[in-house]
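**Student:** First, the structure itself, so that you have it in front of you.
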């Protein structure tokens with residue numbers, strides 16, 4: 001049964017942390033492919049304006065160009081209004097070959113907020129949610145989910161918390177460095193650095209080569 005790891009996010013911008021952790025989890029699961037899915041407007045982040053989707057999609061494509069494990073999907077970017085993870089999972093369940101096993105990758109922060117997600121019980125049944133956690137982290141009883149999920153659903157979530165490499169890179173820090181005119185080399189793939197510079201992203205004025 002083929003396994004596909006779905007990885008949704010703002011990717012504003014995509015960086016080496018996203019790539020290292022998703023590759024690690026894919027290898028742990030023996031997944032055939034990682035599908036990066038830039039979000040149009042995440043419902044759980046209503047207060048932040050994202051860089052236009054075409055730029056985030058292009059940067060994802062550049063980041064994984066030539067990497068056979070990775071693909072990029074624009075599906076969420078083409079949907080009207082806020083999109084929910086359950087809709088995305090159902091879309092790929094319907095369009096990928098029959099029998100494909102779907103996994104959804106998230107971080108610890110998302111696991112802690114999962115009780116607020118749209119139709120979380122249906123989502124847990126529609127795919128296997130995998131949480132990339134820092135070494136030594138234990139999910140515990142997940143009390144906020146106890147009123148929404150069955151015991152077996154919670155156990156399934158806990159069983160798929162994976163100790164992954166601890167990568168201290170964040171998109172927030174990258175954006176802050178760029179606005180301050182600082183280099184982001186080694187934080188994100190070089191083609192992404194060049195794309196950001198070429199389009200003057202994350203700065204009030206063109207940022208130059210940003211090589212340092």
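The values are calculated or read from the model by the stated rules, or taken from the named source; none is laboratory data. Note that the structure is predicted; figures quoted are calculated from it, not measured. Note that we place each Cβ from the backbone using ideal geometry, even for glycine, and neighbour counts take in every protein chain shown.
**Student:** When residue 98 is evaluated against the numbered criteria (1) within 11 Å of residue 157 (Cα to Cα); (2) outside any strand (DSSP E or B), which criterion, by number, is the only one it fails?
**Tutor:** (1)
**Student:** Quick one: how many residues across the range 62-95 are out of contact with any strand residue (DSSP E or B) (no Cβ under 8 Å at 6 or more places or on another chain), under 19 Å from residue 18 (Cα atoms) and in a helix (DSSP H, G or I)?
**Tutor:** The qualifying residues number 1.
**Student:** Go through the range 1-40 and report how many residues are in a loop (DSSP other than H, G, I, E, B), in contact with a helix residue (DSSP H, G or I) (Cβ under 9 Å, 6 or more places away or on another chain) and surrounded by fewer than 22 Cβ atoms within 10 Å (Cβ to Cβ).
**Tutor:** The number of residues fulfilling the criteria is 3.
**Student:** Of all residues in the range 136-154, which are under 16 Å from residue 108 (Cα atoms) and not in a loop (DSSP other than H, G, I, E, B)?
**Tutor:** 143, 144, 145, 154
**Student:** Can you pull out every residue in the range 108-135 that is in contact with a strand residue (DSSP E or B) (Cβ under 6 Å, 6 or more places away or on another chain) and over 14 Å from residue 6 (Cβ atoms)?
**Tutor:** 108, 111, 133, 135
**Student:** Right, here's the next one. Just to verify a result, which residue in the range 141-188, among those that are on the phi > 0 side of the Ramachandran plot and touching a helix residue (DSSP H, G or I) at 6+ places or on another chain (Cβ under 8 Å), is modelled with the lowest pLDDT?
**Tutor:** 142
**Student:** Scanning the range 104-124 for residues that are loosely packed, with under 15 Cβ neighbours inside 10 Å and farther than 22 Å from residue 170 by Cβ, which turns out nearest to the chain's Cα centre (by Cα)?
**Tutor:** Going through the qualifying residues, I end up with 118.
**Student:** Just for the range 151-188: of the residues that are under 19 Å from residue 127 (Cβ atoms) and in contact with a strand residue (DSSP E or B) (Cβ under 8 Å, 6 or more places away or on another chain), which one is surrounded by the most Cβ atoms within 10 Å (Cβ to Cβ)?
**Tutor:** Across the range 151-188, the extreme among qualifying residues is 164.
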